[in-house]
1. Return the sequence-ordered ³J(HN,Hα) values of region 233-241 in whole Hz as given by the Karplus equation 6.51 cos²θ - 1.76 cosθ + 1.60 applied to θ = phi - 60°, using x for Gly and Pro.
2. Between S230, S191, F106, whose Cα lies farthest towards the positive end of the dipole of the chain when Lys and Arg beta carbons carry +1 and Asp and Glu beta carbons carry -1, centred on the Cα centre?
3. Mind pulling the angle between the C-alpha long axis of helix 100-128 and the longest principal axis of the chain? Nearest 10 degrees, somewhere in 0 to 90.
4. With contacts defined as alpha carbon pairs under 8 Å and 6 or more residues apart, what's the relative contact order of region 217-362 in percent?
5. Relative to the longest principal Cα axis of the chain, at what angle does helix 178-195 sit, 0 to 90 degrees, rounded to 10?
6. Report the Cα-based extents of the chain along its three principal axes, largest first, to the nearest Å.
7. Order of 281-290, 101-110, 411-420 by packing, highest average Cβ count within 10 Å first?
8. When the helix-only estimate is applied to the chain (DSSP H runs of n ≥ 4, each -39,500 (n - 2.57), divided by the residue count), what is the mean residue ellipticity at 222 nm, nearest 500 deg cm²/dmol?
Amino acid sequence: MKKNLLFAALAASTLLTGLASCSDDDNNGNGGNQIDNTNVVNDDAGALSLVNGVYSHWQPLSSSFSFIIELNSNKLISFEGEEGEPGPVNSRFEQQPTTWYQVKIFNHLFLGIVQANEAITTVTNSYNAGKVTKNGYDAAVGKARFLRGLAYLKLVQLWGEVPVFTEEGGSKTERQSIDAVFNQIVSDLTSAESLLKDYNGDPRVPSKQAAQGILARAYLVWGDNPLSQSEVAAIAETQTDPAFTTTPSRLEKAVEYANKVIASGLLALDADYNKLWGREYESNKRGTNEHLFTIAHDGDEYDAQGNHQTHCSWTFPFQNGENGSGYNENHTEVADDDLYDEWNAEYPNDKRLAETYFTSIVNPEDHLTYHYYSPIYTPVNGKGVDQSYEDSENLEITHNSVDRIEIRYAEVLLTKAEALVQLGRNSEAAEPFNQLRKRAGIETVSAPTFDQIKREWDYEFTYEQFSALNSYRWKDLISSVKKVANYKHFADDWKSKLTYTAPQEAFFTKIHNHLRAKYNNVRGKHYRQPIPTGLSGESLGIEQNPGY
């Protein structure tokens, strides 16, 4: 999880050296678009191969997103190394411009944008030169614009106003307005929608429906009026959440694009929620068509970086918990028992609960049951433990080969339901909302409330990299994080409630300290991440976010 990456595609300095040469004026004054043998590819396969290089910047981020989006919430803490390491720093809301996960994600998303821009220009030149067919152009440019639009969406959600630059120009240091960034996102994704083919059952390949699903997400985020720089500055040093407001016209677009995916009839919920995660279930191997778009992983030895979700959630398999021979701390830990307890008290028969929080696991090697609940341990993030093949609980943390799900059909349904509820059309929201609840085996409702919608995001998507992003949308980041004050190990007298061994006491002391730090440190500035340095520690020349 540290800086052990090979940046094969682009040097770190690429971000700051201006736009790619294809957008600079050449000696003939043709704006850099003169076609020669150096900026074309010779066939459709070459065009797709060029665009596929963009994935080298997405693969290292699969688990890294959790180290911001989930740690910057009430749900997860990190014991990845010493307390000064980037995981614990994010867990305690102490991130800075030099914190590695912020540096890594910000730079790789922009490097991917640079590479997408170059690919779009090169493939367009090749098409104009007759070297690439219309089908090849559509597939390659559609994929490039899909990935670029998705990258800008991640950037605006985490950092707010960011620079916008495409193959047509733009500044890499001048921040653009929230609306300008979203206009680029919509432009890219609607273009991708028109160019890409229908979903064919392979979620590794961007499709028309994947573009529509991400558009539904983008319009929901935009419809909830992301905070501007000045609005964040006004609350940066306070523990006060801003007011929640919406723009109904954008919410209507979220419903429109969700309906396009639904109406295609190509996607469906997997009947078995527990079969959505794991190497043997990835990339629609079950043929159930719920995975809409995924980032492919073949493991550390084969791609830019394997998906470390299993490794980070389950760092020390069966060394912890009852019957464990040691007491080691996973890189990411469920914040406290209460997250499991509250859900279990409300819906004990919810089929999603047992997959989300493991409180006991049978080791397939020694056949002993290991319990994870205080005073022994906290529950384990079940979605990060692959149980899809024989002995996978022990093996997958070294393979790191599970694909990361970026969007699945369940999100499309819940996005539609939430947008409808925000529009005051609660009874219309019942149908998509209840599809999720029927699969989970819990009660349905005739008209979901906004509070029920919010809770459903937790039921369905906990630890799937939505927590902080949803709090940004709902303007409840501070109030949601401060829920940790009610957790079992938050109060100073937590040791008096149970009997702990010395290793257990050391573990739960860290839990206590992280919960306290979350409560004390969270501020309005955390509605944004700090603008980081470059990959080599250099300044990127971009105006810093308030409070950092």
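Read-outs: derived from the displayed coordinates by stated rules, not from any lab. Treat the numbers as computed from the prediction; the structure is a model and nothing was measured. Cβ atoms come from the backbone with ideal geometry, glycine included; neighbour counts cover every protein chain shown.
1. Per-residue couplings from phi come out as 4, 5, 10, 3, 9, 9, 10, 10, 6 Hz.
2. The listed residue farthest towards the positive side: S230.
3. Orientation of helix 100-128: about 30 degrees from the principal axis.
4. Reported as a whole number, the value is 13 percent.
5. Approximately 70 degrees, to the nearest 10.
6. Sorted largest first, the three principal extents are 79, 50, 49 Å.
7. 411-420, 101-110, 281-290
8. The per-residue figure over the chain is -13500 deg cm²/dmol.
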